[in-house]
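For reference, the structure discussed in these notes is given below.
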Amino acid sequence: MPGTTDHDPGAAAQELVHSAPVRAVGRVGLVAYGVVHVLVAALAVQVAFGDRERADKKGALVTIAESGPGLVLLWITVAGLVALVVWQLAEAVWGHRTVPTRQRVRRVAVNLAEAALFGVLAWSAGSIAAKGGASGASPTFATVVFGLPGGAFLVGLAGLVVVAGAVAAVRRGLTLGFLRELDLRGAGLNRSRLVTRVGQVGWSALGVAYGVPGVLLVVAAARFDPAQPTTLDAGLQAVAAEPYGAVLLVALAAGLAAFGVYCVFDARYRKA
């Protein structure tokens, strides 16, 4: 009814977060998220061939910010990621109301997990941009949490959550669950097939890549070792040190690059 939003703050908020400007900035965020993963893939290839560059999201963000135009791009990335957080939280609160309760709970959990991921990356990107492109030294998640009461348990729990999320990402890729978020009508058969294959490879690789830090967190907790490396970069370095590690790392990098490309398709075809 006309004027309903004037007396219903919830409806007004829903209208705002589903507005064209927020959606547009969110799509920019999806593209930026894809660019970050393409850069992580490039850094991972460098690790495979012996380069000691930091091959994780923070390393990718620093790479973006290495020039003046890069800093502008980084601030645009921050804005896009913040819009994505708002978008995902809105979906968690107001979306999925017509689906069965069990499916709704699962989809809301995915929305909240993605909002958290985008939020952490937005914070990192904003911090680096505010410092003019310098990441600075900072303690790792495991180091901070080990200092808390029950720290080892919390680190192990976090590791299990990360592993569960990684398994969910692989499952999402293999079962084509990501297609539920896309509207490929009008994309054409060939484009639809391309999006499907790129998404399938990309989501599966994403799960494998981020499952490694989860396992490292569990290992650190089991050993009660705050010094145990637990980052994505540490995991990729460990893979590179194994027999045929370079080959595996290049294959994983190709998968992460595929995910980056998928993010661009996601920005184009994400349901409004």
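The values are calculated or read from the model by the stated rules, or taken from the named source; none is laboratory data. Just so it is clear, the model here is predicted, and its values are computed rather than measured. Positions of Cβ are backbone-derived with ideal geometry, glycine not excepted, and every protein chain shown enters the neighbour counts.
Every test in (1) under 19 Å from the mean Cα position of the chain (by Cα); (2) in contact (Cβ under 8 Å) with a residue 12 or more places away in the chain; (3) at negative phi is passed by L184 save one, and that test is (1).
Out of everything in the stretch 90-113 that is hydrophobic (A, V, I, L, M, F, W, C) and crowded, with 18+ Cβ neighbours inside 10 Å, what residue ends up being nearest to V25 (Cα to Cα)? Filtering the stretch 90-113 for residues that are hydrophobic (A, V, I, L, M, F, W, C) and crowded, with 18+ Cβ neighbours inside 10 Å, the one nearest to V25 (Cα to Cα) comes out as A90.
In a loop (DSSP other than H, G, I, E, B) and not acidic (D, E): is that true of P149 in this structure? Show your work before the answer.
Values: in a loop (DSSP other than H, G, I, E, B): yes; not acidic (D, E): yes.
Answer is yes for this residue.
Every residue, every condition in (1) farther than 29 Å from E91 by Cβ; (2) in contact with a strand residue (DSSP E or B) (Cβ under 7 Å, 6 or more places away or on another chain); (3) not basic (K, R), yes or no:
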{"residue": "P229", "(1), (2), (3)": "yes, no, yes"}
{"residue": "V247", "(1), (2), (3)": "yes, no, yes"}
{"residue": "G255", "(1), (2), (3)": "no, no, yes"}
{"residue": "Y269", "(1), (2), (3)": "no, yes, yes"}
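Confirm whether G199 is in a helix (DSSP H, G or I) and crowded, with 21+ Cβ neighbours inside 10 Å. Yes.
Does at least one position in the stretch 240-255 carry a residue that is more than 29 Å from V28 (Cα to Cα), touching a Leu at 6+ places or on another chain (Cβ under 6 Å), outside any loop (DSSP other than H, G, I, E, B) and without any contact (Cβ under 8 Å) to a residue 40 or more places away in the chain? Within the stretch 240-255, none of the residues are more than 29 Å from V28 (Cα to Cα), touching a Leu at 6+ places or on another chain (Cβ under 6 Å), outside any loop (DSSP other than H, G, I, E, B) and without any contact (Cβ under 8 Å) to a residue 40 or more places away in the chain.
Looking across the stretch 204-218, the residues that are free of Cβ contacts under 8 Å to residues at least 60 places away in the same chain and under 20 Å from L154 (Cα atoms) come down to Y210, G211, V212, P213, G214, V215, L216. Filtering V219, V212 for residues that are surrounded by 20 or more Cβ atoms within 10 Å (Cβ to Cβ), within 28 Å of V145 (Cα to Cα), hydrophobic (A, V, I, L, M, F, W, C) and more than 14 Å from the chain's Cα centre (by Cα) leaves a single hit, V212. Take R185 and decide whether it is under 30 Å from A83 (Cβ atoms), modelled with pLDDT of 90 or more and out of contact with any Cys (no Cβ under 6 Å at 6 or more places or on another chain). For R185, the condition - under 30 Å from A83 (Cβ atoms), modelled with pLDDT of 90 or more and out of contact with any Cys (no Cβ under 6 Å at 6 or more places or on another chain) - is not met.
Restricting attention to the stretch 210-239 and to residues that are of a type in the set (D, E, K, R) and assigned to a helix (DSSP H, G or I), the residue that is farthest from A42 (Cα to Cα) turns out to be R223.
Among the conditions (1) buried (at least 17 other Cβ atoms within 10 Å of the Cβ); (2) assigned to a helix (DSSP H, G or I), R268 misses just one, which is (1). Residue count for the stretch 114-134 under the criterion of being touching a residue at least 12 places away in the same chain (Cβ under 8 Å), surrounded by 17 or more Cβ atoms within 10 Å (Cβ to Cβ) and among the aliphatic types (A, V, I, L, M): the result is 6.
Would you confirm whether or not the stretch 200-208 contains a residue that is closer than 22 Å to G177 by Cβ, among the β-branched types (V, I, T) and within 14 Å of the chain's Cα centre (by Cα)? Within the stretch 200-208, one or more residues are closer than 22 Å to G177 by Cβ, among the β-branched types (V, I, T) and within 14 Å of the chain's Cα centre (by Cα).
Taking the criterion of being under 16 Å from R172 (Cβ atoms) and either touching a strand residue (DSSP E or B) at 6+ places or on another chain (Cβ under 8 Å) or of a type in the set (D, E, K, R) (or both), the residues of the stretch 70-115 that qualify are E91, R106, R107, E114. Of all the listed residues (V22, V31, V36), the sole one being assigned to a helix (DSSP H, G or I) and either touching a Pro at 6+ places or on another chain (Cβ under 8 Å) or at pLDDT 85 or above (or both) is V31.
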